[in-house]
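K.L.:
Dumping the structure here so I can ask a few things about it.
None of the figures in this text is laboratory data; all of them are computed from the coordinates on show. Bear in mind that the values here come from a model prediction, so they are computed numbers and not experimental data. We place every Cβ from the backbone using ideal geometry, glycine too, and count neighbours over all the protein chains shown.
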Amino acid sequence: MQTLKVKKTGKSIQRCIEIPDAYLDKELEITIRPISTKKNYRDDINAIYLRYPDSKPFQEIVDPSQWEREIRREW
């Protein structure tokens with residue numbers, strides 16, 4: 001991901017961004033970078049199930065609550 005940095009005074013960017021009065025006469029550094037998009041894990045999971053149709057990864061879990069507690073203890 002590329003990050004762009006620009007140095008401008010507060011007065012010069014006040015029309016675009018709300019700048020506190022205390023920063024109007026100071027040089028400010030502005031960082032611009034794209035917002036990360038959410039990953040759609042559902043598509044990845046579906047692709048795995050299609051690739052391995054006979055796989056049953058959760059069949060050995062008898063008590064899901066107990067399994068979850070055990071997993072959390074590992075952290």
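K.L.:
Being hydrophobic (A, V, I, L, M, F, W, C) and surrounded by 10 or more Cβ atoms within 10 Å (Cβ to Cβ) is the filter; apply it to segment 48-75 and report the residue that is nearest to residue 16 (Cα to Cα).
P.N.:
Within segment 48-75, the match that is nearest to residue 16 (Cα to Cα) is 48.
K.L.:
Another question, if that's okay. Of all residues in segment 18-75, which are in contact (Cβ under 8 Å) with a residue 12 or more places away in the chain and touching a strand residue (DSSP E or B) at 6+ places or on another chain (Cβ under 8 Å)?
P.N.:
Within segment 18-75, 24, 25, 26, 27, 28, 29, 30, 31, 32, 33 meet the criteria.
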